[in-house]
Amino acid sequence: MEITLLGHAGVKIQGSKTIYIDPFLTGNPAAATSPDEITEADIVIVTHYHGDHLGDAFSICKKTGATCVGIHEVSVDAEAEGITTEGMNIGGTIDVEGVKIHMVQALHSAEKGDPAGVVVEMDGKKIYHAGDTGLTLDMKLIGEFFKPDLSFIPIGDRYTMGVPSAAKAVEFIQTKKVIPVHYDTFPIVSADPEDFKRRVGDLAEVVILKPGESYSL
Ligand code: NI
Ligand code: MN
């Protein structure tokens, strides 16, 4: 399966299905691609109702016919725009075209509904996208219950965990591999991924991607 960082917290997961999570491209100075270049998608997941996560999700769904997955309040707005959508809430698991999506807690805010993270199960792999969150003990539960193969963890500080707390989160999450996200998009969320990698040490393999770069999982 091919993992691509789109920029900020936006990722593309290409397996038996094509999944986008938090595709914030328009207005993103670090975006590696433009929404015009996205022509195929099966599922677009929105972790929470903030512009830098909702981003181009609805327009990509309209163009590709992808199913928008998000917390109830995101789904209601998607449906109002005529988008195929699956609403859910924290604690729930849904199956969309053979992909299992579990919604988990995130410690953050949102303009509508609550913020969330997701664990995506596809082709035998479990991928955790933390969304925007602070460090929380609940992450131990995510680790115990899901044991993710790969996790996307925010490290940019100010609005989410910073490098020291994100490194602690990796201990809780018990993830095999981790890709830091949500940093250096804007000066106010600048962070050093190499410092993150040093602090994580042997706890997990840290894969640092620049926007546009891919990793085979
Ligand atoms: Ni946010
Ligand atoms: Mn954010």
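So if each residue of separation counts as 0.36 nm, and I subtract the Cα-Cα distance between LEU141 and GLU37, what length gain in nm does that give?
Details: separation 104, 0.36 × 104 = 37.44 nm, distance 3.76 nm.
Going from the current span to full extension adds 33.7 nm.
Report the label-to-label distance for ILE208 and HIS72 in nanometres (one decimal), using points 7 Å from each Cα along the Cα→Cβ vector.
4.3 nm
To the nearest 0.05, how large is the calculated FRET efficiency for ASP195 and TYR215 if R₀ is 25 Å and r is the Cβ-Cβ distance? List each step's numbers first, then the result.
Working: r = 20 Å, r/R0 = 0.80.
With a Förster radius of 25 Å, E is 0.80.
Roughly what percent of Cα-Cα pairs across the range 2-209 reach past 30 Å?
Working: 2655 of 21528 pairs.
For the range 2-209, the fraction of Cα-Cα distances above 30 Å is 12 percent.
With a Förster radius of 35 Å, plug the Cβ-Cβ distance of ALA80 and PHE186 into 1/(1 + (r/R0)^6) and report the FRET value to the nearest 0.05.
Numbers: r = 30 Å, r/R0 = 0.85.
Rounded to the nearest 0.05, the efficiency is 0.70.
Sum up the charges of everything whose Cβ sits under 13 Å from the Cβ of LYS100, counting Lys and Arg as +1 and Asp and Glu as -1, but leave LYS100 out. Show your work: numbers first, answer last.
Details: positive: LYS17, LYS125, LYS126; negative: GLU86, ASP95, GLU97, GLU121, ASP123.
Surrounding charge for LYS100 is -2.
Once you put a point 7 Å from the Cα of LYS112 and another 7 Å from the Cα of LYS125, both along the Cβ direction, what distance in nm separates them?
Going by the 7 Å Cα→Cβ label model, 3.2 nm.
Sorted from fewest to most neighbouring beta carbons within 10 Å, what does the list THR64, THR133 look like? Present the calculation step by step, with values, prior to reporting the outcome.
Values: THR64 17, THR133 27.
Listing THR64, THR133 from fewest to most nearby Cβ atoms yields THR64, THR133.
Express as a percent, rounded to the nearest 5, the fraction of DSSP beta bridges in the chain (both residues included) that run antiparallel.
Working: 27 of 47 bridges.
Around 55 percent antiparallel, to the nearest 5.
I need VAL118, VAL76, VAL181 ordered by Cβ neighbour count within 10 Å, fewest first. Walk me through the numbers on the way to the answer.
Values: VAL118 25, VAL76 14, VAL181 31.
Fewest-to-most ranking of VAL118, VAL76, VAL181: VAL76, VAL118, VAL181.
What lysines sit close enough to LYS168 to cross-link, taking a C-alpha to C-alpha distance under 21 Å and skipping anything fewer than 8 places away on the same chain?
LYS126, LYS140, LYS147, LYS176, LYS177, LYS197
How would you rank THR26, THR33, going from fewest to most other Cβ atoms within 10 Å of each one's own Cβ? Please report the intermediate quantities before stating the final value.
Numbers: THR26 13, THR33 17.
Lowest to highest Cβ neighbour count: THR26, THR33.
None of the figures in this text is laboratory data; all of them are computed from the coordinates on show. Computed from a predicted model, the values in this text were never measured in an experiment. FYI the Cβ positions are ideal-geometry reconstructions off the backbone, even for glycines, and counts take in every protein chain you see.
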